[in-house]
Amino acid sequence: MNAPRNRRLASASPAAATALSRLPGRLLRTLAGLAGVAAIGVGLWLLITPRMSLAGIERLTLGATPVTVYRPAGAAAAPAVVIAHGFAASRQIMEPFALTLARNGYLALTFDFPGHGQNIEPLRGDLADREGRYQQLRTALDAVVAYAREQGDGRVGLVGHSMGSEAVVRYAIEHPEIAATVAVSLVYDGATGSRPANLLVLTGALEGGLRPLAQAVIAEAGGPTGVPGETYGDLAAGTGRRVVFVPGAEHLRVLFHQVSMAEALRWFQGAMPLTAAPPGAGFLDNRLPALGLVYVGSVLLYWPLVQLLQPIGAPGGQAAPFPRRAWWVVALAPALLAPLLLRLIPAGDLLPIRVGGPLALFFGLYGLLTAAGLALLSQGRRPTWNGLAVWRRSVLMAVAAALLMVGYVFLSFGLPTHLFVLNYFPPPPRWPVFLAIFAAMLVYFLADERLTRGAGAPRGAYALTKGAFLGGLILAIIVNPRELFFLVLIAPLFVVYFVLYGLLSALVHRRSGTILVGALVNAVVFAWIVATTFPLM
């Protein structure tokens with residue numbers, strides 16, 4: 001009598017067991033999604049609330065120069081500080097200084113140099129023409145300084161990072177009325193013991209190549225016994241000098257370090273004192289933990305969102321695995337060959353952005369070499385042809401999935417980056433540049449995804465090929481330093497991007513079953529960053 005019931009239970013038990021086996025994964029994804037939403041919310045709240053104590057943040061354009069004005073609370077006119085970014089950066093990256101100074105009573109202004117950020121005026125001259133570049137940077141700086149003097153109480157100080165440090169130091173030497181200058185990652189050796197007035201140098205302790213320039217300022221001010229961290233001269237007389245090596249900071253970290261914020265604030269308080277302490281006195285920007293929450297939360301939320309994708313599968317089915325030795329040859333050979341080929345091709349004017357042309361060409365050459373190796377290995381191992389209809393459907397599904405993922409990346413990573421770190425959304429003149437770089441990078445990421453996600457790839461294949469790529473990029477810089485030197489400054493960002501988007505593409509590949517989605521997403525994101533970051537020329 002119980003036989004039918006027992007048969008029903010027996011037939012149901014495999015389905016129940018399967019559901020139970022999936023429960024931990026679903027629970028973990030749900031918890032990750034909730035944690036991601038919470039982390040993003042808390043991070044954004046920590047980033048936004050410091051702005052709320054200001055009288056306002058105004059965005060305007062002076063000629064072709066986009067400017068952001070941070071107005072302190074209170075009706076009294078305040079001293080102004082004009083803040084200049086470095087090469088391949090934008091005004092957003094200097095906001096920690098602007099917010100720190102504005103919360104402590106100073107009128108702070110950031111702006112985009114020609115060719116940078118949202119400034120569509122090209123940066124003229126080549127990388128070796130420092131004088132020509134400075135003349136153009138000075139024109140933009142002069143307009144912002146004039147506006148700052150009108151808006152404030154007449155006193156003006158300057159802050160500049162890297163390329164911007166040279167611009168502000170040289171400008172302050174030419175304009176003795178500048179009350180004080182803060183040079184972050186100083187790259188200029190023309191300062192003397194009294195010019196510019198009241199010079200503070202902030203150099204990262206890990207910026208070994210820039211330490212001699214900072215040491216020269218110490219020697220000029222304090223003589224043979226001069227030491228970092230000591231103030232020499234008289235700020236009231238305009239002869240103040242101080243050099244600080246910011247602990248644990250390199251070329252980018254120095255812009256977010258609280259030591260940098262505190263030193264710059266005290267310097268201006270000594271050189272351009274306020275009549276009364278503002279309500280927000282004592283505030284020092286410390287946004288890195290909040291940014292970390294936003295980015296970690298975005299990654300956590302990405303995991304459950306990937307489950308919205310439908311399994312697609314490879315358009316032509318799965319190819320046979322590669323022999324292990326042959327895989328290593330294909331993975332490593334481009335790292336040696338691409339830099340040599342790049343040196344033979346004049347790529348400096350390939351695209352109208354500094355360094356971006358050679359970088360895009362390097363990606364394209366590396367991808368073509370990898371694809372050629374894959375083609376040789378695939379002889380006799382090609383996947384089974386499933387027909388044009390299946391192939392077209394798979395590609396269309398992959399493109400739709402990639403658009404969904406790119407939209408999420410732009411919203412969760414791009415928008416916070418644009419608001420709080422660096423210009424992320426390019427103005428229209430950069431859109432054709434993006435398309436050209438995307439074409440080159442798509443070749444690379446398609447080949448690399450096939451090499452690292454395909455059958456026969458060893459454990460850790462993705463990390464191995466990225467290490468080889470970065471090694472090849474370093475070799476390319478060594479053999480062609482004139483065109484590619486500035487890539488040294490952003491190479492650490494490529495490590496971060498490879499780790500982050502490698503994780504995301506692995507999740508996408510596991511869900512979709514095809515390399516197309518991850519390759520498309522990575523190509524769009526990397527091309528977008530390069531097309532947006534490097535200066536227009």
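The values are calculated or read from the model by the stated rules, or taken from the named source; none is laboratory data. Please read these numbers as outputs of a predicted model, since none were measured by experiment. Positions of Cβ are generated from backbone atoms using ideal geometry, with glycine treated the same way; all protein chains shown enter the neighbour counts.
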Go through the residues of the range 171-180 one by one and say whether even a single one is crowded, with 24+ Cβ neighbours inside 10 Å, modelled with pLDDT of 95 or more and not aliphatic (A, V, I, L, M).
-> no
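Picking from 148, 183, 249, 172, which residue would you name as being assigned to a strand (DSSP E or B), closer than 23 Å to residue 95 by Cβ and of a type in the set (A, V, I, L, M)?
183
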Could you say which residue among 242, 266, 211 is farther than 22 Å from residue 147 by Cα, among the charged types (D, E, K, R), assigned by TED's automatic domain parsing to the domain that holds residue 108 and assigned to a strand (DSSP E or B)?
-> 242
Residue list for the range 367-381, restricted to those being more than 17 Å from residue 453 (Cβ to Cβ) and at pLDDT below 70 | 379, 380
Search the range 284-308 for residues being modelled with pLDDT under 95 and assigned to a loop (DSSP other than H, G, I, E, B), and hand back the single one that is farthest from residue 407 (Cα to Cα).
-> 307
Name the residue, out of 497, 462, that is in contact (Cβ under 8 Å) with a residue 40 or more places away in the chain and part of a helix (DSSP H, G or I).
-> 462
Failed condition for residue 341, given (1) surrounded by fewer than 20 Cβ atoms within 10 Å (Cβ to Cβ); (2) modelled with pLDDT under 85 | (2)
If we keep just the residues of the range 503-537 that are in a helix (DSSP H, G or I) and among the small types (Gly, Ala, Ser), which is surrounded by the fewest Cβ atoms within 10 Å (Cβ to Cβ)?
-> 506
Is it the case that the range 27-41 has a residue that's at pLDDT 90 or above and of a type in the set (D, E, K, R)?
-> no
Odd one out for residue 195 among (1) touching a Pro at 6+ places or on another chain (Cβ under 8 Å); (2) modelled with pLDDT under 95; (3) buried (at least 18 other Cβ atoms within 10 Å of the Cβ) | (3)
